[in-house]
1. Can you give the Kirkwood hydrodynamic radius for the range 78-203, in Å, rounded to one decimal and based on Cα pairs?
2. Compute the signed sum of charges (Lys and Arg +1, Asp and Glu -1) over the other residues within less than 13 Å, Cβ to Cβ, of I188.
3. Which loop-located chymotrypsin sites (Phe, Trp or Tyr not before Pro) does the range 114-161 contain, where loop means any DSSP state but H, G, I, E or B and the Cβ has at most 12 other Cβ atoms within 10 Å?
4. In a shell of Cβ-Cβ distance under 12 Å around E162, excluding E162 itself, what net charge do Lys and Arg (+1) and Asp and Glu (-1) give?
5. Between N90 and S144, what is the FRET efficiency for a Förster distance of 30 Å, r being their Cβ-Cβ separation, to the nearest 0.05?
6. Report the relative contact order of the range 95-204, percent, no decimals, based on alpha-carbon pairs under 8 angstrom and at least 6 residues apart.
7. Quickly rank 86-94, 151-159 as a protection proxy: mean count of other C-beta atoms within 10 Å, highest first.
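Any read-out appearing in this document is the output of simple, stated calculations on the displayed coordinates, not a laboratory observation. The model shown is predicted, which means the values in this text are computed figures rather than measured ones. Note that each Cβ is placed from the backbone with ideal geometry, even for glycine, and that neighbours are counted across all protein chains shown.
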Amino acid sequence: MRKPLLALILVFALATSALMVGCGAPAPAGDASGSAAPSGSGSASGGSSASATPSSSGSGGSASASSSSAAQLPNPQKRVSGLDDFKALNLRMSVPTEAADVSFYIIGEEIAEVDFLVNDTSFIYRGSAVAQSNLSGVYEEFSSPQTQSVTRDGVQATLTVEIATSGILRATWTWPEGNYSLIGTGSIPQQNFTDIAVQLAQAS
């Protein structure tokens, strides 16, 4: 008699336990639906990812802005074949007969440049029909200016030669079509440098 009673109690206990587990199942489902709200908040985080999209498009905007500003900058230096390429800039320039390693450039569609060597001294000769704050491109203190007159096609101009503390020599002059500068680096005597500057000024 006790065995059937124990078996009945065991069956009842198992049934109760199964019922409790069955009742407990909705609770996690309820939690899952509760976590659906966070998943809605996850959709809010999707909103934040949507807000990331504008920010990324914003950075794209800044990239395009920087690209457009970069596009507005002049081309720093373009190598060209010779003096004839400078005619488009309305400039008259020449090269000393004794020059070696000659190369020609146009800077920013405004400045013509001729680089050359004379007796191991490097020269940079520039011209521009557009006013430049510093055509030579050398930002040093120059002093001891010496001037002399030069003549071309019956027109006179003043050629000025200065020297920097580093020893760089600079000559500048102006003709009706534009401004010109010559830089010399090395141990060239100032008079020899001046002679080359005068030759260029009068032949240009």
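1. Working: mean 1/r = 0.0685 Å⁻¹.
Kirkwood radius, the range 78-203: 14.6 Å.
2. Values: positive: R170; negative: E98, D120, D195.
In short, -2.
3. Details: sites: F116, F123, Y125, Y139, F142; in loops: Y139.
In loop regions of the range 114-161 (DSSP not H, G, I, E or B), the sparsely surrounded chymotrypsin sites (Phe, Trp or Tyr not before Pro) are Y139.
4. On the way: positive: R170; negative: E140, E141.
For residues surrounding E162, the net value is -1.
5. Details: r = 33 Å, r/R0 = 1.08.
After rounding, the FRET efficiency stands at 0.40.
6. Values: 202 pairs, mean separation 25.5, N = 110.
About 23 percent, as a whole number.
7. Peptide ranking by packing, descending: 86-94, 151-159.
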